[in-house]
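First up is the structure itself, then whatever we jot down about it.
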Amino acid sequence: MSFQQKNIVILISGGGSNMAAIAHAAQQQDWDKRFKARIAAVISNQPEAKGLQLAQSLGIATGALNHKAFDSRESFDAALMQLIDGYQPALVVLAGFMRILTPGFVAHYAGRLINIHPSLLPAFPGLHTHQRAIDAGCTEAGATVHQVTAELDHGPMLAQAVVPVLPGDTAEALAARVLVQEHLLYPQAIADWLQSQP
């Protein structure tokens, strides 16, 4: 009896530190054997993204689609879907992918599209989350892994990690502390998702 391979496609825009954390976890925890899952490709909307070279060095297939070459968000997302679907993904992972996705794209991957956001959602959706948490006098900040829906940063939550906001914190210092937790949280949330799949 054969089990279907669960392909994971990761979308990035920059250095790919979360992507690398996921790739290392997949290797160290033997996702191939445990979940019949593998990272099939890393795709970026920035052809020069450093994360693409990092993925190649880890032996992962890469692709790039420059969003500036498209005249609309819809046409870019349509081309991106075509590229992703070539890998028959069980899961599409947003790891620092700095694009707001169209409702059509989100609907196409409903239930198998996840993102990590650097705040304790529902607090502080959108940008500048760390500065906003400091400005609001929060004693805690963190990161949230959630399913992606048409409403930005509002999908069902899968996992959260909490870090303290320290006296005199800067947005940069807080961001660095949150990122350490992201690198632990995101691979674990994906492993949990894979385990929950038949």
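Give the residues of the range 131-165 that are touching a strand residue (DSSP E or B) at 6+ places or on another chain (Cβ under 7 Å), closer than 24 Å to SER196 by Cα and surrounded by fewer than 15 Cβ atoms within 10 Å (Cβ to Cβ), sorted by residue number. If you could, list the steps in order and put the result at the bottom.
Going through the range 131-165, the residues touching a strand residue (DSSP E or B) at 6+ places or on another chain (Cβ under 7 Å) turn out to be 133, 139-148, 153, 155-165.
Right, trim to closer than 24 Å to SER196 by Cα and you get 143-148, 153, 155-162.
Residues satisfying the conditions are PRO156, VAL162.
Look through SER44, SER72, SER13 and report the one residue that is of a type in the set (Ser, Thr, Tyr) and over 17 Å from the mean Cα position of the chain (by Cα). Break it down into steps so the answer makes sense when it comes.
Working: SER44 fails: over 17 Å from the mean Cα position of the chain (by Cα); SER13 fails: over 17 Å from the mean Cα position of the chain (by Cα).
Criteria check complete, one pass: SER72.
Identify the residue in the range 98-115 that is within 14 Å of the chain's Cα centre (by Cα) and buried (at least 21 other Cβ atoms within 10 Å of the Cβ) and, among all such residues, is farthest from ALA189 (Cα to Cα).
Checking each candidate, the answer is LEU101.
Among the candidates ALA26, ALA21, ALA55, single out the residue that is assigned to a helix (DSSP H, G or I), within 26 Å of VAL180 (Cβ to Cβ), touching a Lys or Arg at 6+ places or on another chain (Cβ under 8 Å) and aliphatic (A, V, I, L, M).
Within the list ALA26, ALA21, ALA55, the selection yields ALA26.
Out of the residues in the range 142-161 that are in a loop (DSSP other than H, G, I, E, B) and of a type in the set (A, V, I, L, M), state the one that is nearest to the chain's Cα centre (by Cα). I'd like the intermediate steps shown before the answer.
Taking the range 142-161 as the starting set, the residues that turn out to be in a loop (DSSP other than H, G, I, E, B) are 148-156.
When the remaining residues are screened for being of a type in the set (A, V, I, L, M), the result is 148, 150, 152.
Numbers: VAL148: 10, ALA150: 16, LEU152: 14 Å.
That would be VAL148.
Being surrounded by fewer than 19 Cβ atoms within 10 Å (Cβ to Cβ), over 22 Å from LEU54 (Cβ atoms) and of a type in the set (Gly, Ala, Ser) is true for just one of ALA176, ALA123. Which residue is that?
Values: ALA176 fails: over 22 Å from LEU54 (Cβ atoms).
Of the residues listed, the single one that is surrounded by fewer than 19 Cβ atoms within 10 Å (Cβ to Cβ), over 22 Å from LEU54 (Cβ atoms) and of a type in the set (Gly, Ala, Ser) is ALA123.
Results for (1) over 13 Å from ALA90 (Cβ atoms); (2) surrounded by fewer than 23 Cβ atoms within 10 Å (Cβ to Cβ); (3) without any contact (Cβ under 8 Å) to a residue 60 or more places away in the chain; (4) in contact with a Pro (Cβ under 8 Å, 6 or more places away or on another chain), shown as yes or no for each residue.
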position: LEU11; (1), (2), (3), (4): yes, no, no, no
position: GLY14; (1), (2), (3), (4): yes, yes, no, no
position: ALA21; (1), (2), (3), (4): yes, yes, no, yes
position: GLN28; (1), (2), (3), (4): yes, yes, yes, no
position: ARG38; (1), (2), (3), (4): no, yes, yes, no
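No value in this document is a laboratory result; all are computed from the given coordinates. Note that the coordinates shown come from a computational prediction; the quantities given were computed from them, not determined experimentally. Because the Cβ atoms are built from the backbone with ideal geometry, glycine has one as well, and the counts that use them run over all protein chains shown.
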